[in-house]
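Read the figures in this text as sums done on the coordinates, not as results from a lab. Please read all numbers here as calculations on a predicted model, not as lab measurements. Here the Cβ positions follow ideal geometry from the backbone for every residue, glycine too, while neighbour counts run over all protein chains shown.
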Amino acid sequence: MLRLTLRTTVFDGSPIKALTDGAVGEELLVVGSHTLAWFQDLVVSINAAQIAAHAAGPDAVVIEREEQCGTDVVVGVDGSGASLAAVHLAAEQSDRLGERLTSRYCWSAPAPWTEDRTMIDWPMEPDEAAGLVPAEAVAGLAERYPDLELDLRLGSGPSNPPRQVLTASPFL
């Protein structure tokens, strides 16, 4: 059983800044999705996407649509305790909705801070340990949710990790 403490606060100014600043130190930031716009091949809530990219801790974007989307519940993981809380919330929702849970760990090569890129031998691909992060994040979920379908993904590439998580699901 998930227990929540709910607080109501009125902020003045940018909703993105207010929500991300106000959620610092909290266990989970949950936002709704509205003001949908097409961005490449995705339907994106502009505010929700920016909040997800800038939140200091775990966040969840809840979508309410009239039609049945039939898409996965996607959760980004980073191996932290905070992301484990997000995984458990996502697993509970996936099980309730009868949808697959996609656990995605995203990796991107660090950007060199000098013009001479030959000075440091940066890894350009994730190592084997990176592949364990999504698996460790969902460890034990099969016993709690026996019907839950899991999809573990390791994302890598030139784009930043929040964008990689956004592209793991066709709707946000």
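Listing for the model above:
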item	result
Length added when fully stretched, E143-S14, from 0.36 nm per residue minus Cα-Cα	42.2 nm
D151, D12 arranged by Cβ crowding within 10 Å, fewest neighbours leading	D12, D151
